[in-house]
1. Could you please let me know if G60 is at positive phi, out of contact with any Pro (no Cβ under 8 Å at 6 or more places or on another chain) and modelled with pLDDT under 95?
2. Tell me, yes or no, whether segment 13-27 has at least one residue that is closer than 18 Å to R90 by Cα and not basic (K, R).
3. Quick one: is S177 under 30 Å from R22 (Cα atoms), open to solvent by 30 Å² or more (accessible area, probe 1.4 Å), modelled with pLDDT of 95 or more and under 14 Å from the mean Cα position of the chain (by Cα)?
4. Looking at segment 130-172, which of its residues are modelled with pLDDT of 95 or more and more than 15 Å from the chain's Cα centre (by Cα)?
5. Only one of (1) within 13 Å of the chain's Cα centre (by Cα); (2) open to solvent by less than 10 Å² (accessible area, probe 1.4 Å); (3) β-branched (V, I, T) fails for T88. Which number is that?
6. Is there a residue being without any contact (Cβ under 8 Å) to a residue 60 or more places away in the chain and basic (K, R) anywhere in segment 25-41?
7. Could you list, in sequence order, all residues of segment 96-137 that are open to solvent by 10 Å² or more (accessible area, probe 1.4 Å), closer than 11 Å to V180 by Cβ and not in a strand (DSSP E or B)?
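The values are calculated or read from the model by the stated rules, or taken from the named source; none is laboratory data. Please read these numbers as outputs of a predicted model, since none were measured by experiment. Here the Cβ positions follow ideal geometry from the backbone for every residue, glycine too, while neighbour counts run over all protein chains shown. Surface accessibility is based on the protein's heavy atoms, side chains included, excluding ligands, DNA and RNA. Shrake-Rupley method; radii C 1.70, N 1.55, O 1.52, S 1.80 Å.
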Amino acid sequence: LSGYPDMEIPTFGGVFDGCGHRITDLNISAKGSARGLFRYIQEGGVVQNLEVSARVLPQGSATQAGGLVGVNSGTIDSVRFSGTLAGTDRLGGIAGTNTVSGKIKNCMVEGYIRGEQILGGIVGENQGVVYNCVNRAEVNTGVPNEELKLDDITVPRLTSEETLRSGSDIGGVAGSSSGVIRLCRNEGNVGYP
């Protein structure tokens, strides 16, 4: 898809069987939230047996972004993502947000994921089920660009909401989960020194 920048499927509710094929050179840099090859997978939608190689670097609010989907309410099975993902919050190699009805299973992620909060190798925010997935991506392993001087360190600055949010809720599998995570493992580095 190198000739089709910002090629995204806005919403999907059918069955997409990749039959083991690979989508390469996907580049997403559009402004907004819910970004990925699919912006939304609806409840009942299925995406399976697919490999995606992409750079997902949305601009603007840049929340709920994933290598495959921004917001998943369906089933994702046997999908592999490799590439780079960066944004602000709710970022994951497969899905930015996995809703209560969402299921992510037998997936793998490789590459690099960078953001401010609620980010994970597989899913940023999980409310549904994540099963038998493996993360090999580096999650926020680079040192932040913010440079502090001794004079800048004050109690109000250290306790501000912006400082507390920066680099929080980060995990190898999920950044935040109120759902179920079973038989998953993380093999990537998480967090910067």
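1. Numbers: at positive phi: yes; out of contact with any Pro (no Cβ under 8 Å at 6 or more places or on another chain): yes; modelled with pLDDT under 95: yes.
Yes: the conditions hold for G60.
2. So in segment 13-27, the residues closer than 18 Å to R90 by Cα come out as none.
Checking segment 13-27: not a single residue is closer than 18 Å to R90 by Cα and not basic (K, R).
3. Numbers: under 30 Å from R22 (Cα atoms): yes; open to solvent by 30 Å² or more (accessible area, probe 1.4 Å): yes; modelled with pLDDT of 95 or more: yes; under 14 Å from the mean Cα position of the chain (by Cα): yes.
It is true that S177 is under 30 Å from R22 (Cα atoms), open to solvent by 30 Å² or more (accessible area, probe 1.4 Å), modelled with pLDDT of 95 or more and under 14 Å from the mean Cα position of the chain (by Cα).
4. Matches in segment 130-172: Y131, N132.
5. Of (1) within 13 Å of the chain's Cα centre (by Cα); (2) open to solvent by less than 10 Å² (accessible area, probe 1.4 Å); (3) β-branched (V, I, T), only one is false for T88: (2).
6. Yes: segment 25-41 contains one or more residues that are without any contact (Cβ under 8 Å) to a residue 60 or more places away in the chain and basic (K, R).
7. V100, Q127
Conditions tested, residue by residue: (1) touching an Asp or Glu at 6+ places or on another chain (Cβ under 6 Å); (2) under 16 Å from S2 (Cα atoms); (3) among the hydrophobic types (A, V, I, L, M, F, W, C); (4) open to solvent by 10 Å² or more (accessible area, probe 1.4 Å).
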site: I28; (1), (2), (3), (4): yes, yes, yes, no
site: A34; (1), (2), (3), (4): no, no, yes, no
site: E43; (1), (2), (3), (4): no, no, no, yes
site: V47; (1), (2), (3), (4): no, no, yes, no
site: G60; (1), (2), (3), (4): no, no, no, yes
